[in-house]
Amino acid sequence: MTLFAPVEAIRVSVKRQRKTFSPDTLAELGASISKIGLLHAPVLRAAADGTGFELVAGERRFRAITDLHELGVIFRYGGEEVPHGQVPYVTLGQLDPLDAWEAELEENIQREDLTWQERAAATAELMELRKAQADERGSAPPTVASIARELRPDEVEPTQSVRQELIVSRFLKDPEVAAAKTVNEAVKILKKREEKTKQAELAAVIGKTFSSASHTLLNEDFIAWSRSAPPAQFDIILTDPPYGMGADEFGDSGQGTAAAAHGYEDSYENWLTLMRVFPSATFALAKADAHAYVFCDLDRFPELRTRMSEAGWRVHRTPLIWHNTDGFRVPWVGVGPQRKYECILFAVKGEKKANSVKPDVLAYGKDAALGHPAQKPVALLLDLLTRSAKPGDRVLDPCAGSGATIEACHELKLSCTALEQLPWAYGIAAKRMQDLKALEETLL
């Protein structure tokens, strides 16, 4: 037996969350009802004061029915014509378990005074309900996007907020998460916790001690070494190869002084010999998800970017800039200007994310000179590594120079493999390694 209630006897609670309904969608629903009939009646219950009914679920259907009556449109429900001004309805007790669950959930989720915790729990419950209904029908399960469209049809991009609610809903019994002021704050708490867990796992991998023995320094040519090196072993490539800009011929190169003399031919031809191999070799040596930082000259950056891209790296369009606050070199003696900056190519393999997003200009002064003219400050390398590395990561420096990368890696508990072809530069890097070991022994 179909139950009917007068339109004017049905009250819609002012606490229901949804305040606006699209006229177009209501018109589409009304047209469907007039054509094929009302498939599911609104859910009502007797008002607490004994007068009339309160709407439990089905507000869109109720509004569409009201519009049809005002337009004088006749429609049917359950095979019979619905009297003018009347609304067919069911009670919760008449519904099967899934329909009753849906009705109760719709009533709860439509309140406007929901806390973020209640909203997250309701979103998760709706996902479970839709999964159960899909299983019963044998249809595809719901997605985050479909739940987002159902809950927030008027929002442009609701998927992200719904995804966050689904994530935090699993942790609502956690006091710290439940005490958060917003969903975003709760998500941040979970992210920090996840990061701490990962760091603890990495610490277990690294062990309680980390020493200079964790690094490898080789007096070898990178091109030859790379031919037999195992692939996919490094998380980060960080290196300062020759620039191929003729720096050994600068007017202030100071040949004969230990701190300034280049001691190697910085020709384009030599640079090209290396860069015909370097991009593809480093790509092969890098893990599936890796970052690369390669120092280079401004004139060489476009060509290096092209070669790295062709090898498979995803290269940032513009270089990072090292502002050398202590820079003094003047390629045009007596004319200027002083050379105060150098370029760094940044590239990504796979989907490796950065630990933090930092500026593309890095200002650092020089370290005390160890005898290498192109020596980079350890603080600069630390800045680059902290953007990408986590403790335990493996770093490759194919052109180690003075060994600054080794020292930076040591400070961050990263394992460094460094190659330096020139014997005199290799000696500087080796001395740096000895100093690290001596410091360890002193501390012990």
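Please enumerate the residues belonging to segment 47-72 that are surrounded by 16 or more Cβ atoms within 10 Å (Cβ to Cβ), at pLDDT 85 or above and small (Gly, Ala, Ser). The answer is Ala64, and nothing else. If the condition is being polar (S, T, N, Q) and under 15 Å from Thr159 (Cβ atoms), then segment 119-148 contributes Thr123, Thr143, Ser146. Check whether at least one residue in segment 43-58 is without any contact (Cβ under 8 Å) to a residue 40 or more places away in the chain and in a helix (DSSP H, G or I), and report yes or no. Within segment 43-58, not a single residue is without any contact (Cβ under 8 Å) to a residue 40 or more places away in the chain and in a helix (DSSP H, G or I). Just one residue in the set Val315, Val357, Val348 is within 21 Å of the chain's Cα centre (by Cα), buried (at least 18 other Cβ atoms within 10 Å of the Cβ) and more than 16 Å from Leu396 (Cβ to Cβ); that residue is Val315.
For segment 311-352, the candidate set comprises residues that are modelled with pLDDT of 95 or more and of a type in the set (Lys, Arg); within that set, the residue that is nearest to Lys192 (Cα to Cα) is Lys352. Only residues that are closer than 16 Å to Ile406 by Cβ and either modelled with pLDDT of 95 or more or touching a strand residue (DSSP E or B) at 6+ places or on another chain (Cβ under 7 Å) (or both) were counted across segment 217-237, and they come to 8.
Condition test on Ser402, is it among the hydroxyl-bearing types (Ser, Thr, Tyr), more than 28 Å from the chain's Cα centre (by Cα) and assigned by TED's automatic domain parsing to the domain that holds Trp271? Yes, satisfied. Of the residues contained in segment 26-33, none is found to be farther than 28 Å from Arg152 by Cα and under 51 Å from the mean Cα position of the chain (by Cα). For segment 18-42, taking the residues that are hydrophobic (A, V, I, L, M, F, W, C) and outside any loop (DSSP other than H, G, I, E, B), the one that is surrounded by the fewest Cβ atoms within 10 Å (Cβ to Cβ) is identified as Ile36. For Pro141, the requirement of being free of Cβ contacts under 8 Å to residues at least 40 places away in the same chain and either part of a helix (DSSP H, G or I) or outside the structural domain of Glu54 (by TED's automatic domain parsing) (or both) is met. If I filter segment 159-169 for residues that are β-branched (Val, Ile, Thr), closer than 15 Å to Thr115 by Cβ, out of contact with any strand residue (DSSP E or B) (no Cβ under 9 Å at 6 or more places or on another chain) and part of a helix (DSSP H, G or I), do I get at least one hit? Yes, some residue in segment 159-169 is β-branched (Val, Ile, Thr), closer than 15 Å to Thr115 by Cβ, out of contact with any strand residue (DSSP E or B) (no Cβ under 9 Å at 6 or more places or on another chain) and part of a helix (DSSP H, G or I). The condition of being under 23 Å from Lys191 (Cα atoms) and of a type outside the set (Ser, Thr, Tyr) does not hold for Asp360.
Considering segment 330-444, the qualifying strands (runs of 3 or more DSSP E), each wholly inside and each with 1 or more residues that are acidic (Asp, Glu), run over 341-349, 394-397. Scanning segment 360-390 for residues that are over 33 Å from the mean Cα position of the chain (by Cα) and of a type in the set (Gly, Ala, Ser), we see that the one that is surrounded by the most Cβ atoms within 10 Å (Cβ to Cβ) is Ala374.
Residue pairs whose Cβ atoms lie under 9 Å apart, sitting 6 or more positions apart in sequence or on different chains, and linking a residue in segment 284-313 that is closer than 11 Å to Ile237 by Cβ to a partner that is assigned to a helix (DSSP H, G or I) and of a type in the set (Val, Ile, Thr), are Ala290/Thr282; Ala292/Thr282; Val294/Thr282; Met308/Thr282; Trp313/Thr282. Considering every residue within segment 79-88, establish whether at least one is closer than 30 Å to Thr182 by Cα and either buried (at least 16 other Cβ atoms within 10 Å of the Cβ) or modelled with pLDDT of 90 or more (or both). Within segment 79-88, not a single residue is closer than 30 Å to Thr182 by Cα and either buried (at least 16 other Cβ atoms within 10 Å of the Cβ) or modelled with pLDDT of 90 or more (or both).
The values are calculated or read from the model by the stated rules, or taken from the named source; none is laboratory data. Please read all numbers here as calculations on a predicted model, not as lab measurements. Here Cβ is always computed from backbone atoms with ideal geometry, including for glycine, and neighbour counts include all displayed protein chains.
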